[in-house]
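Novice: A single structure is presented below for examination.
The values are calculated or read from the model by the stated rules, or taken from the named source; none is laboratory data. Since the structure is predicted, the reported quantities are computational estimates derived from the model, not experimental observations. Backbone-built Cβ (ideal geometry, glycine too); neighbour counts: all protein chains shown.
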Amino acid sequence: MDTAAAGLPARVRRGYGLGSVATGAFGTVPGLLLLPYLTDRLGIAAGLAGLIVLLPKAWDVLLNPVAGRLSDRSTHPGGRRRPFLIRAGAALALLFALLFAGPTAPPALAAAWVALLFLACASAYAFFQVPYVSMPAELTRDYDERTRLMTWRVAVLALTILVAGGASPALRDALGPEWGYRAVGVFVGLLILLGAVGAWWGTKGVAPVEQVAAGGSLAEQLRVVAGAKDFRALLLTFALQALATGTMLAGVDYMARWVLGDSGAATILFVAFVGPALVVTPLWERVGRRTGKRPAFVAASLCLALGAVLVWVVHDHGLVPVALALALVGVGYAGAQMFPMAMLPDAAAVDADRSGENRVGVYTGVWTAAETLGLALGPGLYALVLVLGGYVSSTDGAAVQPDGALTAMTLGFTLLPATLVLGSLLLLRHYRIDEAAVIAAGKDLP
């Protein structure tokens, strides 16, 4: 069966989707808990804590294109991308389990442990994520089949974020700060390992779309990718939205504890944010088939931004109104994740089909670098907002916060990410690839 041109077996869709257990767990929990761990468990000042969260991820901006280039040129008998999944995934699982297991005093030693372990985690993640995200362009040429792949991926991603992001704060609170954070490290490490093994096993036996690995240096290939107008527009749009998402993730724990006055509300807020995606992702797929991916992406982004504004409007009225507004954010978030990830392999595959050279890994490396930077800048940006608001760090989370800090927490969680999402849509106007372009490029194959 030519899976490159026909529909993929359900086993492969499910197997590919399982990789989102790893990406969702690692992409969510550090953004949710690492900044509070540094400021309210280790007593690190908010500005320095933001740098510790940011810099290891910023390293990935340099590493991700390298990981893509290496996977493009891989000739492993187990497949170009799949061996990276199991090796890097297992390393990431172990390193994450150690992240919260280090010393808590003195503060300098504790901060150094977190910085070094998070740098190692980010490096391992690059060699998992880039090959994983590269795979759809090589699993199938079909425009709609890539959307179906992303539907599975986003559904699993939403479920993982719900489980990892909802259970991790609850686990920390149930066991207390000393053992709770360590338990979170082990729990998330096991999730990452499950996702890596599932994706590696589930995608075996699929004959990939074959193109010759692109020649020239990495710098030359990056220049080619940077010159792709459609890809560049999509990339910048998604990067700004990743920044918005990272900012909101960083603010969940602070909103629950300080603005709503209930640390246990972090789990409720997270469920409200992510839970709708489990229901609406198939609906977004239908919208995308009817309108096209780009218009559906715009609609989802507007929904996300509107929900964030509504959180600002109702934040003084208690947990229930805030959770309902966040549910609208979650509806938009599902589509704003699914459609760009379905559009990325279209852009990479159009280039590969037209040129006959495979730059999918380089495209994906640049993409994941921008996404990683956006998600990493999110906590850093939120930490900067906290600094401007006068946030007071402590080792027991019991400091009294000034009114300016409470206002800063709320603005960083609502109007700031809404503004970033709306601004990103101005960049999306330059993206022009649709189903006809994908089909036309496929006809140009030798």
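Novice: Test Ala112 against the criterion of being without any contact (Cβ under 8 Å) to a residue 24 or more places away in the chain and assigned to a helix (DSSP H, G or I), and give yes or no.
Specialist: Yes; evaluated as a whole, the condition is true for this residue.
Novice: Is there any pair linking a residue in region 247-260 that is under 14 Å from Gly50 (Cβ atoms) and of a type outside the set (Val, Ile, Thr) to one that is modelled with pLDDT of 90 or more and assigned to a helix (DSSP H, G or I), with Cβ under 7 Å and at least six apart or on different chains, and which?
Specialist: Cβ pairs passing all conditions: Ala250/Tyr382; Gly251/Tyr382; Gly251/Met409; Gly251/Gly412; Gly251/Phe413; Tyr254/Met409.
Novice: What about Arg69, is it in a helix (DSSP H, G or I), over 21 Å from Leu243 (Cα atoms) and of a type in the set (D, E, K, R)?
Specialist: Answer is yes for this residue.
Novice: Could you tell me which of the residues Arg141, Arg153 is crowded, with 21+ Cβ neighbours inside 10 Å and part of a loop (DSSP other than H, G, I, E, B)?
Specialist: Exactly one of Arg141, Arg153 is crowded, with 21+ Cβ neighbours inside 10 Å and part of a loop (DSSP other than H, G, I, E, B), namely Arg141.
Novice: What is the one condition in (1) out of contact with any Lys or Arg (no Cβ under 6 Å at 6 or more places or on another chain); (2) more than 16 Å from Thr203 (Cα to Cα) that Thr140 does not satisfy?
Specialist: Among (1) out of contact with any Lys or Arg (no Cβ under 6 Å at 6 or more places or on another chain); (2) more than 16 Å from Thr203 (Cα to Cα), the lone unmet condition for Thr140 is (2).
Novice: Still on this structure, please answer the following. Can you say whether Gly318 is at pLDDT below 95, more than 16 Å from the chain's Cα centre (by Cα) and buried (at least 18 other Cβ atoms within 10 Å of the Cβ), as far as the supplied structure shows?
Specialist: Here the answer is no, as Gly318 does not meet what is asked.
Novice: So, of the residues in region 243-284 that are outside any helix (DSSP H, G or I) and not aliphatic (A, V, I, L, M), which turns out to be modelled with the highest pLDDT?
Specialist: Of everything passing the filter in region 243-284, Gly261 is modelled with the highest pLDDT.
Novice: Wholly within region 381-446, which helices (runs of 4 or more DSSP H) include no fewer than the required count, namely at least 2 residues that are under 20 Å from Val309 (Cβ atoms) and modelled with pLDDT of 90 or more?
Specialist: 403-413, 415-428
Quick grid of which residues meet (1) surrounded by 22 or more Cβ atoms within 10 Å (Cβ to Cβ); (2) closer than 30 Å to Ala265 by Cβ; (3) not hydroxyl-bearing (Ser, Thr, Tyr):
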position	(1), (2), (3)
Arg69	no, no, yes
Arg73	no, no, yes
Trp113	no, yes, yes
Ala122	yes, yes, yes
Tyr132	yes, no, no
Glu145	no, no, yes
Leu149	yes, no, yes
Ala170	no, yes, yes
Ala174	no, yes, yes
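Novice: For Arg289, are the conditions met, namely being surrounded by fewer than 18 Cβ atoms within 10 Å (Cβ to Cβ) and part of a helix (DSSP H, G or I)?
Specialist: Answer is yes for this residue.
Every residue, every condition in (1) at pLDDT below 90; (2) outside any helix (DSSP H, G or I); (3) touching a helix residue (DSSP H, G or I) at 6+ places or on another chain (Cβ under 7 Å); (4) hydroxyl-bearing (Ser, Thr, Tyr), yes or no:
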site: Ala4; (1), (2), (3), (4): yes, yes, no, no
site: Arg11; (1), (2), (3), (4): yes, no, yes, no
site: Leu18; (1), (2), (3), (4): no, no, yes, no
site: Leu38; (1), (2), (3), (4): no, no, yes, no
site: Gly47; (1), (2), (3), (4): yes, no, yes, no
site: Leu54; (1), (2), (3), (4): yes, no, yes, no
site: Val61; (1), (2), (3), (4): yes, no, yes, no
site: His76; (1), (2), (3), (4): yes, yes, yes, no
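Novice: Given the criteria modelled with pLDDT of 75 or more and either in a loop (DSSP other than H, G, I, E, B) or farther than 20 Å from Met248 by Cα (or both), does Val362 qualify?
Specialist: For Val362, the condition - modelled with pLDDT of 75 or more and either in a loop (DSSP other than H, G, I, E, B) or farther than 20 Å from Met248 by Cα (or both) - is not met.
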